[in-house]
1. At LYS106 and ASN170, where each label point lies 7 Å from the Cα along Cα→Cβ, what is the point-to-point distance in nanometres?
2. Go through region 160-260 and name the chymotrypsin sites (Phe, Trp or Tyr not before Pro) that are in a DSSP coil and have 16 or fewer other Cβ atoms within 10 Å of their Cβ.
3. Provide Rg over Rh for region 120-263; use the alpha carbon set for both Rg and the Kirkwood Rh (inverse mean inverse pair distance).
4. Amide H to amide H, which residues 5 or more places from LEU128 or on other chains are under 5 Å from it, using H placed in the peptide plane?
5. Say the cut-off is 27 Å between C-alpha atoms; which of LYS133/LYS234; LYS106/LYS159; LYS189/LYS234; LYS133/LYS229; LYS106/LYS148; LYS96/LYS167 go over it?
6. I'm a student and want to see the number: the projected area of the Cα convex hull of region 96-155, averaged over all directions, in nm².
7. Run through region 171-264 and list the GluC sites (Glu not before Pro) located in a DSSP loop whose Cβ has at most 13 other Cβ atoms within 10 Å.
8. With 10 angstrom as the radius, rank ARG203, ARG94 by how many other C-beta atoms surround their C-beta, starting from the fewest.
Amino acid sequence: MKHKIHILTLLTLAFGLIFTSCGPSKALLNSEARVDKLQTDSTDTHELLNDCNAMVSLLNKEKANLQNENADSHNDLKALASESKLTIADQAKRLKNFQDIIQNQKDVMSKLKNSITNALLNYKTDELSVYIKDGNVYVSLQEKLLFKSGSDVVDPKGKEALKLLAKVLNTTTDIMVMIEGHTDNVPIKTALFEDNWDLSAARATSIVRILTKDFAFDSNRITASGRGKFHPVKTNDTAEGRADNRRTEVILSPDLKEMYKLLY
C-alpha cells in the first residue's frame, strides 16, 4: 500500500511539472510586455528623430536664406549709402549754383537800379521814384508826370522820361518788364472808360505802346496790367494819399529760366 501511494505521488509531481512547463509563467509574460513597450518606444523615438532631422534641415535652409538676404541687404545698404553721398554732393553743387544765380541776379538788379536812377536824375521825387522790392526794380511814375486827370494820353514830359528809361532797358537782355496802372478810389465813368480799372489798364497799355513802338523795346519782354484802385500805397482819405496812389509802375524782373533749370 505504501508503495502505491509513493508511485501516485511521483505521478502527481510529474504531471504538475509537465503542465507548468507547457503554460507561460508570469515572469515570461512580464518580459514579453516589456519587450513590446521597448519596441513601441523605439518606433516612437525613431519617428521623433526623423521629425527632428527634418526640422534641422528646414532650419538650415532658412538660415542659408537669411544669410543670403542679409548679404543682399548689406549690398543694398552699401549701394544706397554710395548713392546718398552722390546725391548730397549733387545737392550741394545745385545749392551752390542756385546761390550763385541769386547773387548774380541781385548784382544785375542793383546795377540796373543805379543806371535808371542816374538816367532819371533830373526828375523830382514827387514825379517818380526808383527802388528795389522783392528782388525787382520798381520805377514808380506819378500821374502828374504822365497823364492829365482821367486821360490815358501820355504828356510830352512823361514821354521824355520813358525815352530815357527805354535807353537803359534796351541795354538789357535778361529782364522782363511789367507795366502796372494804378488809380485812387474816386469813381470814374466817361465815354472812354467804364471805371478806374478800365482807366488803369488803358494807361498801362499806352506806356507799353510807347516803349515798344516809339523806343524799340522788345515786345516779347513786356506786359500791360491794370490794377485799378485795389493796390494803394497810401490812404485814399487825403488828397496827398490819392495823388500817390494815381501812379504807373514799371516793374523790372530778372529772367528766371536758369533758376527753373536747377529746380526741375
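A short reminder: the numbers here are calculations on the coordinates, not readings from a lab. These numbers come from a predicted model, not from an experiment. Neighbour counts run over all protein chains shown; Cβ positions are idealised from the backbone, glycine included.
1. 3.3 nm
2. Values: sites: PHE193, TRP197, PHE215, PHE217, PHE230, TYR260; in loops: PHE193, PHE215, PHE217, PHE230.
Here the sparse-neighbourhood loop sites are PHE215, PHE230.
3. On the way: Rg = 15.3 Å, Rh = 15.6 Å.
With Rg and the Kirkwood Rh in hand, the quotient comes to 0.98.
4. GLN142
5. Working: LYS133/LYS234 17 Å; LYS106/LYS159 29 Å; LYS189/LYS234 23 Å; LYS133/LYS229 20 Å; LYS106/LYS148 36 Å; LYS96/LYS167 34 Å.
Exceeds cut-off: LYS106/LYS159; LYS106/LYS148; LYS96/LYS167.
6. Working: hull surface 20.5 nm².
Mean shadow area of the hull around the Cα atoms is 5.1 nm².
7. Details: sites: GLU180, GLU194, GLU240, GLU249, GLU258; in loops: GLU194.
Passing both the DSSP loop test and the Cβ count: GLU194.
8. The fewest-first ordering by Cβ neighbours comes to ARG94, ARG203.
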